[in-house]
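The values are calculated or read from the model by the stated rules, or taken from the named source; none is laboratory data. A quick note: this is a predicted structure, and the numbers were derived from the prediction, not measured. So basically every Cβ, Gly included, is an ideal-geometry build from the backbone, and we count neighbours across all protein chains shown. Each accessible area value is taken on the protein alone, full model and side chains, heavy atoms only, with ligands, DNA and RNA left out. Shrake-Rupley method; radii C 1.70, N 1.55, O 1.52, S 1.80 Å.
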Amino acid sequence: MGFSLSKDPSGVVIVGVDGQLIVGNRQELKQKVLDALEGGTRRFVIDFTKTGYIDSSGLGVLVSLSKKVREQGGELRLAGLNEDLQTLFELTKLDTLFAIAKTPAEALAAF
């Protein structure tokens, strides 16, 4: 379980979520994105390729981050959701709030 940050050549920060996004680690994700935002990054892709589960607090932190990034003139995209996570975003109507791509490469290409 953990988070990895990398920056692609165009300056987009890719945040990899490894394992689960739950109440126990959501603050760590939030802090990493906020730190990058304070450092001047305005474009983010959160990569869920290695993520099996997101709880309600995890969804809440994603909504909060999306709002903060937009307030700063930035953009937050999601990528790599498995079938269960895609269904979760559709059921909660969060698929209308987030730009969701099948792969991180697709999300990067969409900026």
Subset of the stretch 61-86 (residues that are surrounded by fewer than 14 Cβ atoms within 10 Å (Cβ to Cβ) and either at pLDDT below 95 or small (Gly, Ala, Ser) (or both)): Gly73
Residue identified as under 11 Å from the mean Cα position of the chain (by Cα) and either of a type outside the set (Lys, Arg) or in a loop (DSSP other than H, G, I, E, B) (or both) among Phe89, Phe44: Phe44
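Here's the yes/no breakdown for (1) touching a Phe, Trp or Tyr at 6+ places or on another chain (Cβ under 7 Å); (2) among the polar types (S, T, N, Q):
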{"residue": "Leu21", "(1), (2)": "no, no"}
{"residue": "Val33", "(1), (2)": "yes, no"}
{"residue": "Glu38", "(1), (2)": "no, no"}
{"residue": "Val45", "(1), (2)": "no, no"}
{"residue": "Tyr53", "(1), (2)": "no, no"}
{"residue": "Ser64", "(1), (2)": "no, yes"}
{"residue": "Gly73", "(1), (2)": "no, no"}
{"residue": "Leu81", "(1), (2)": "yes, no"}
{"residue": "Ala99", "(1), (2)": "no, no"}
Condition check for Ser56: open to solvent by 50 Å² or more (accessible area, probe 1.4 Å) and within 23 Å of Phe111 (Cβ to Cβ): no
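Condition check ((1) among the aromatic types (Phe, Trp, Tyr); (2) within 16 Å of Val17 (Cβ to Cβ); (3) buried (at least 20 other Cβ atoms within 10 Å of the Cβ)) across all residues:
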{"position": "Ala36", "(1), (2), (3)": "no, yes, no"}
{"position": "Leu88", "(1), (2), (3)": "no, yes, no"}
{"position": "Leu91", "(1), (2), (3)": "no, no, no"}
{"position": "Pro104", "(1), (2), (3)": "no, yes, yes"}
Candidate set: the stretch 10-34, residues that are in contact (Cβ under 8 Å) with a residue 12 or more places away in the chain and assigned to a helix (DSSP H, G or I); chosen: the one surrounded by the most Cβ atoms within 10 Å (Cβ to Cβ): Val33
